[in-house]
1. Step by step: first the residues of region 79-92, then only those that are surrounded by 12 or more Cβ atoms within 10 Å (Cβ to Cβ) and out of contact with any strand residue (DSSP E or B) (no Cβ under 6 Å at 6 or more places or on another chain), then the one that is nearest to GLU110 (Cα to Cα). Which residue is that?
2. TYR101 passes all but one of (1) surrounded by fewer than 20 Cβ atoms within 10 Å (Cβ to Cβ); (2) within 18 Å of ALA140 (Cβ to Cβ); (3) of a type outside the set (Val, Ile, Thr); (4) touching a Gly at 6+ places or on another chain (Cβ under 7 Å); which number fails?
3. Among the candidates ALA112, ALA122, single out the residue that is closer than 19 Å to GLN24 by Cα, under 15 Å from the mean Cα position of the chain (by Cα) and at pLDDT below 95.
4. Anything in region 60-78 that is surrounded by 14 or more Cβ atoms within 10 Å (Cβ to Cβ), over 13 Å from the mean Cα position of the chain (by Cα) and either hydroxyl-bearing (Ser, Thr, Tyr) or part of a strand (DSSP E or B) (or both)? List them, or say none.
5. Does region 37-50 contain any residue that is polar (S, T, N, Q) and modelled with pLDDT of 95 or more?
6. Is it the case, given these coordinates, that ALA134 is in a helix (DSSP H, G or I) and either under 9 Å from the mean Cα position of the chain (by Cα) or buried (at least 17 other Cβ atoms within 10 Å of the Cβ) (or both)?
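The values are calculated or read from the model by the stated rules, or taken from the named source; none is laboratory data. In this text the structure is predicted, and so the values were computed from the model without any measurement. Glycine gets a Cβ as well: all are built from the backbone with ideal geometry, and neighbour counts include every protein chain shown.
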Amino acid sequence: MERKLTVEDARQSLTSHAAEKGAQLHEKYGPQIGWDELRRILEDRSLVRYPCEIVFDASGLLGGEMAHPFPNSEKPEDGFKVHVRPLYMTQLGAMPALVLYQLVLVNYGEFASAEDAEAFGAAALGLSKDDYYARLCELADHLGVET
């Protein structure tokens with residue numbers, strides 16, 4: 001009897017694929033990914049499925065949300081604007097961690113989960129998932145200072 005794929009199988013497959021893409025990104029642009037590398041990554045269609053632009057604009061962001069990609073139109077191929085809270089404008093070193101997390105939504109759409117984003121971002125930055133998560137938490141702590 002043939003085993004049918006479950007939702008959990010699909011979820012694990014997506015997380016594995018996101019981690020693989022993150023590892024490819026790290027191999028191509030690492031080991032240190034800064035602002036300049038991030039801008040080149042956003043132009044690389046082998047890693048970022050659709051065009052993306054970073055804008056320091058909190059409009060549309062939910063409370064406690066550091067960044068989020070918004071489509072430019074109904075068609076994903078028209079690209080995305082990744083809104084990042086202006087508070088992070090002076091922390092360009094934080095941009096890779098913040099933006100890489102968002103790219104799973106660009107690449108995989110609504111099917112992407114926080115686990116997929118962590119797997120991708122951690123692999124892309126050459127960190128363990130725990131270290132990457134801790135870095136995101138550290139950045140989120142800055143939201144308390146924003147007025």
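1. Among them, the one singled out is GLY79.
2. Looking at each condition in turn, TYR101 falls short on (1).
3. Of the residues listed, the single one that is closer than 19 Å to GLN24 by Cα, under 15 Å from the mean Cα position of the chain (by Cα) and at pLDDT below 95 is ALA112.
4. The one that is surrounded by 14 or more Cβ atoms within 10 Å (Cβ to Cβ), over 13 Å from the mean Cα position of the chain (by Cα) and either hydroxyl-bearing (Ser, Thr, Tyr) or part of a strand (DSSP E or B) (or both): PRO71.
5. Narrowing region 37-50 to residues polar (S, T, N, Q): 46.
Filter once more, so that each one left must be modelled with pLDDT of 95 or more: 46.
Yes - at least one qualifying residue is present in region 37-50.
6. no
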